[in-house]
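Heads up: the structure comes next, in structure tokens.
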Amino acid sequence: MADKPSKLKARLPRGLADRGAADIAATRRMIETIAKQFELYGFEPLETPAIEYTDALGKFLPDQDRPNEGVFSFQDDDEQWLSLRYDLTAPLARYVAENFQTVGLPYRSYRYGWVFRNEKPGPGRFRQFMQFDADTVGSASPAADAEMCMLAADTMEALNIKSGSFVVKINNRKILDGILDTAKISPTKWLTVLRAIDKLDRLGFEGVRALLGSGRKDESGDFTKGAELSPDQIEMIEVLWRPVEIPGYKFASLGGSGTFALSQANDAGQSKNMERVGVSDYIDNMKTLDAWEILFSKATKSLEGIHELKQIISVCEAAGFGSKRIRVDSSVVRGLEYYTGPVYEVELTLDTIDDKGRPVRFGSVGGGGRYDGLVSRFMGQPVPSTGFSIGVSRLMAALTLLGKIESKPEAGPVVVTVFDKDRLGEYQAMVKQLRDAKIRAEIYLGNPKNFGNQLKYADRRNAPCVVIQGSDEKAKGEITIKDLILGAELSKLEKGRDEYLQKQAEAQTTVPEGKLVEAVRAVLKRHKLDKP
RNA sequence: GCAGCUGUAGCUCAGUUGGUUAGAGCGCUGGUCUGUGGAACCAGAGGUCGGUGGUUCAAGUCCACCCAGCUGUACCA
């Protein structure tokens, strides 16, 4: 072994994060808000463990008895493969299948928790992150899908993200399938083509065209192989986002998105140079779907998907959700492996800049769709289901960057300072009094020799005030309460030293010993900390 | 996985064309100072210069390989 005892390097595995007091408090608030909204929609809570059998998650590699490397997996003592869950939907499907007799369909439940993905992390992307998920299992009704979209929109607004700062996009996988089929694209290429379409918002029209054709070179010089489609085939796919001419319709295109038909209301004064925000005000979901019916009239599967979307959209519109909050968008792809019909995606439309001044687009903070095949993997019968997940961690990261999260740490405990080491018991008794009155309090546990250090500590802990009883106060049967928040404010205002000291004294009050709780409460009330 | 960039103290970084014992600021610990915080001053702890090998009288500095991190890209249920 090494000659020198080498120090252990303290380090956190990449893609994982420690979370401090402020972060935890913000997460708690967010979870509470979302849960309330989900319960309002009638969903009931359900929790499943973080570990499942790998086969239940459906992540064995084809033709191998080894799990996909994207999931954290290990073998049980009986050699069966176990995995950390990578989403909350697959475990739910297992739960429903296992308790099929008792759950009662349609089964509507919600859950939140940590999920794990063994992938390359990036800004706002972690290997452990939190999802919040709602599902309706056992209903094929378009109303169930509509409800997912409405729930997504309502939840965003409950989180104080205003209408216009987000959009719930909805598409139908059947539309895409129908087009791929009609364009006579070989099924072996479908996955590649869908993945390319999914990158529209990031790579733009040109980038996607390159990926559909011969391939694309990124800025570092790395080359991505394309789908090698013929120009005709590419043209058929590009109808999804290229403005087309159909008599009686006007279209607009949003950057990185599909093409949308505009409402009549806009016909009068239409300008080709409408601002992006202006355009979204005039988008008409139903007209867009009508136009798609014309465009894709030869693709029977697409028409089926469009018909489903019409039903969903009419439910949403009847409930007052228009195209500003819920918008059909032919470029949404999502979860290639198990979504079978409608797919949804929640996108933050706010742009901002990061700490290096570069523009950041948050993109998707949630999504979902209909997964009619997931539960039936365990069953002999079809169990149509639809669900929706919010990426809590990513949404939190986005809102923090936008300055929409209260980042100020919570007030700390009242700190009882120590003057006489011999009277620790008496100080502890004061702490007990405060705790009995439900006030967070603690005795100073560091080296009490230097009184200044005790105040520094209290300051760092964000303590609203400290309790002081030195020999002077003790002799008179008194205690001193020092208001640290007031002290901080006053010291910022005043410049002169004498004045500073005087003001500082004002932030202190001396009261009889018996009034400890009362005096501390007064300080808390002054700073509105009395009500948690 | 592929590509580009970067690795010096807990953190942010300096370190000349290769040249004595590798520095600074912040932070930390202690002291000035058991009676008043975010102030000042003093002292201290803390380094296999990412690793291994090579070139050289001499390597933090040059070369090769490896490792790690960041960014892009691929995959992303």
Exclusive hit being near RNA strand B (Cβ under 8 Å from one of its atoms) and in contact with a Leu (Cβ under 9 Å, 6 or more places away or on another chain), set A:Leu434, A:Leu484: A:Leu484
Region A:1-13, residues that are more than 7 Å from RNA strand B (Cβ to nearest atom), modelled with pLDDT under 65 and open to solvent by 80 Å² or more (accessible area, probe 1.4 Å): A:Met1, A:Asp3, A:Lys4, A:Pro5
Residue within region A:185-196 that is open to solvent by less than 80 Å² (accessible area, probe 1.4 Å), free of Cβ contacts under 8 Å to residues at least 24 places away in the same chain and out of contact with any Asp or Glu (no Cβ under 9 Å at 6 or more places or on another chain) present: yes
Per-region count, region A:453-474, residues surrounded by fewer than 21 Cβ atoms within 10 Å (Cβ to Cβ) and under 43 Å from the mean Cα position of the chain (by Cα): 8
Output for region A:77-96, where each listed residue is of a type outside the set (Phe, Trp, Tyr) and more than 28 Å from the chain's Cα centre (by Cα): A:Asp77, A:Asp78, A:Glu79, A:Gln80
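Which residues, counting only those in region A:224-248, are surrounded by fewer than 17 Cβ atoms within 10 Å (Cβ to Cβ) and more than 34 Å from the chain's Cα centre (by Cα)?
Filtering region A:224-248 for residues surrounded by fewer than 17 Cβ atoms within 10 Å (Cβ to Cβ) gives A:224-225, A:228, A:230-232, A:235, A:238, A:242-248.
Passing the criteria: A:Glu228, A:Ser230, A:Pro231, A:Asp232, A:Glu235, A:Val244, A:Glu245, A:Ile246, A:Pro247, A:Gly248.
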Qualifying positions in region A:307-325 - more than 20 Å from A:Tyr371 (Cβ to Cβ), aliphatic (A, V, I, L, M) and buried (at least 21 other Cβ atoms within 10 Å of the Cβ): A:Ile313
Selection count, region A:495-532, where residues are open to solvent by less than 60 Å² (accessible area, probe 1.4 Å), modelled with pLDDT under 85 and more than 48 Å from the chain's Cα centre (by Cα): 1
Per-region count, region A:117-131, residues more than 7 Å from RNA strand B (Cβ to nearest atom) and open to solvent by less than 40 Å² (accessible area, probe 1.4 Å): 5
Residue satisfying all of: in region A:413-431; more than 8 Å from RNA strand B (Cβ to nearest atom) and acidic (Asp, Glu); nearest to the chain's Cα centre (by Cα) among these: A:Glu426
Hits in region A:266-306 - residues which are at pLDDT 90 or above, within 34 Å of the chain's Cα centre (by Cα) and not basic (Lys, Arg): A:Asn285, A:Met286, A:Thr288, A:Leu289, A:Asp290, A:Ala291, A:Trp292, A:Ser302, A:Leu303, A:Glu304, A:Gly305, A:Ile306
Odd one out for A:Ile443 among (1) near RNA strand B (Cβ under 7 Å from one of its atoms); (2) open to solvent by less than 50 Å² (accessible area, probe 1.4 Å); (3) touching a residue at least 12 places away in the same chain (Cβ under 8 Å); (4) farther than 14 Å from A:Lys515 by Cα: (1)
Leading residue by the ranking (farthest from RNA strand B (Cβ to nearest atom)) among those in region A:176-200 that are closer than 16 Å to A:Trp292 by Cα and under 34 Å from the mean Cα position of the chain (by Cα): A:Gly178
Spans of strands (runs of 3 or more DSSP E) in region A:14-94 with at least 2 residues open to solvent by less than 50 Å² (accessible area, probe 1.4 Å) and within 11 Å of RNA strand B (Cβ to nearest atom): A:81-84
Any hit, region A:159-172, residues being open to solvent by 20 Å² or more (accessible area, probe 1.4 Å), of a type in the set (Lys, Arg) and within 16 Å of RNA strand B (Cβ to nearest atom): no
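The values are calculated or read from the model by the stated rules, or taken from the named source; none is laboratory data. This one's a predicted model, so the numbers in the text were calculated from it and none came from an experiment. Heads up, the Cβs are rebuilt from the backbone with ideal geometry, glycines too, and the neighbour counts pull from every protein chain shown. Note: accessible area is taken over every heavy atom of the protein model, side chains too, but ligands, DNA and RNA are not part of it. Shrake-Rupley method; radii C 1.70, N 1.55, O 1.52, S 1.80 Å.
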